[in-house]
Amino acid sequence: MSNHPLERTAHRAGVCGPSPRSPGVGRRSPGAFGTIGGQARLTQLIYYVAVSLDGFIAPPDGSVDWLAPYNAGGEDYGFGEFYKNVDALIEGSKTYEQALTFGEWPHPGKPCWVVTSREFESKQPEVHFTSLTPAELIRHVSAQGHKRIWLVGGSQLAASFRAAGLITEYVLSVIPVFLGSGRPLFARGGAVETLKLVESKPYPSDLVQLRYVRAGSAEQGAPADRSPAARARVG
Ligand SMILES: NC(=O)c1ccc[n+]([C@@H]2O[C@H](COP(=O)([O-])OP(=O)(O)OC[C@H]3O[C@@H](n4cnc5c(N)ncnc54)[C@H](OP(=O)(O)O)[C@@H]3O)[C@@H](O)[C@H]2O)c1
């Protein structure tokens, strides 16, 4: 396993170590997000992910080999700058478990919440396990002062946050490969949503990175939690 940013994105990025499971941290409270002094906080939730040209984030076996050709040359595709500017991570339990197989925990000092209905044991104080709904979790993380959150993935987790209308930005590293099948960008559908392209950057490797925000969001803050789907969990 290399330490390349694309692989970190697909796998190691989600590696969060151990810690006791967060209790049902902060049950539902007024407002869509954490509030401090009565002021609604603006929270950015960014789904930063590598995706094949036909819309998959991993092949059926979940491996990362398909990303290897794009590791050459030391290009980090802006990951270093992105990572420096996120202050918390949220990821699904399968992405977390896969990341653990690579051994090294890559996110020292970055608080990480792993969404799961199961019990995990962890040794990393930055890692929390939670069964909160997406809306509850964003409120909880936001209330702790985190403004830019990386939604690491995978498909199931991203689907539940999109269904709840909580993702404010998408950074898609489009890999010029047809995988044919595998884990889709989102595990299931959701409401129709229109996005605004705010940046696109081609790389010599033929990868194109696209940055979209929700139309009308002006790149700031997450929208209100106004959908019943906000409480939906993904199983
Ligand atoms: N290309 C990339 O950049 C990239 C990035 C990240 C991941 N990936 C790939 O994605 C694959 C894993 O994705 P995946 O879709 O199979 O799994 P996942 O989203 O990582 O994890 C799914 C699990 O997370 C828990 N979960 C998710 N949403 C939940 C919710 N709203 N409420 C409660 N629990 C929730 C459930 O765990 P429990 O069963 O424990 O309750 C569920 O089974 C891996 O192959 C990985 O390599 C690729």
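The values are calculated or read from the model by the stated rules, or taken from the named source; none is laboratory data. Everything quoted here is computed from the prediction, not taken from an experiment. Positions of Cβ are backbone-derived with ideal geometry, glycine not excepted, and every protein chain shown enters the neighbour counts.
Worth pointing out:
- Qualifying residue in segment 170-192 (condition: more than 15 Å from the chain's Cα centre (by Cα) and farther than 24 Å from residue 59 by Cβ): yes
- Check on residue 165, part of a loop (DSSP other than H, G, I, E, B), more than 10 Å from the ligand (Cβ to nearest atom) and under 19 Å from residue 212 (Cβ atoms): yes
- Check on residue 85, at pLDDT 95 or above and surrounded by fewer than 18 Cβ atoms within 10 Å (Cβ to Cβ): yes
- Selected residue (criterion: nearest to the ligand (Cβ to nearest atom)) from residues of segment 63-82 that are surrounded by 16 or more Cβ atoms within 10 Å (Cβ to Cβ) and outside any helix (DSSP H, G or I): 64
- Looking only at residues in segment 88-107 that are at pLDDT 95 or above and more than 9 Å from the ligand (Cβ to nearest atom), the one that is surrounded by the fewest Cβ atoms within 10 Å (Cβ to Cβ) is 88.
- Residues of segment 150-162 satisfying the condition of being more than 6 Å from the ligand (Cβ to nearest atom) and part of a helix (DSSP H, G or I): 158, 159, 161, 162
- Qualifying position, being loosely packed, with under 13 Cβ neighbours inside 10 Å, more than 16 Å from residue 95 (Cα to Cα) and among the β-branched types (Val, Ile, Thr), among 192, 141, 177: 192
- Of everything listed in (1) among the charged types (D, E, K, R); (2) closer than 19 Å to residue 43 by Cβ; (3) surrounded by fewer than 18 Cβ atoms within 10 Å (Cβ to Cβ), the single unmet condition for residue 126 is (3).
- Residue within segment 100-120 that is assigned to a loop (DSSP other than H, G, I, E, B), among the basic types (Lys, Arg) and under 28 Å from residue 205 (Cβ atoms) present: yes
- Verdict on residue 117 being in contact with a Pro (Cβ under 9 Å, 6 or more places away or on another chain), more than 23 Å from residue 168 (Cβ to Cβ), of a type in the set (Ser, Thr, Tyr) and touching a residue at least 60 places away in the same chain (Cβ under 8 Å): no
- Within segment 114-144, tally of residues that are in contact with a helix residue (DSSP H, G or I) (Cβ under 7 Å, 6 or more places away or on another chain), within 21 Å of residue 165 (Cβ to Cβ) and not β-branched (Val, Ile, Thr): 3
- Within segment 131-149, restricting attention to residues that are in a helix (DSSP H, G or I) and among the aliphatic types (A, V, I, L, M), the residue that is farthest from residue 45 (Cα to Cα) is 143.
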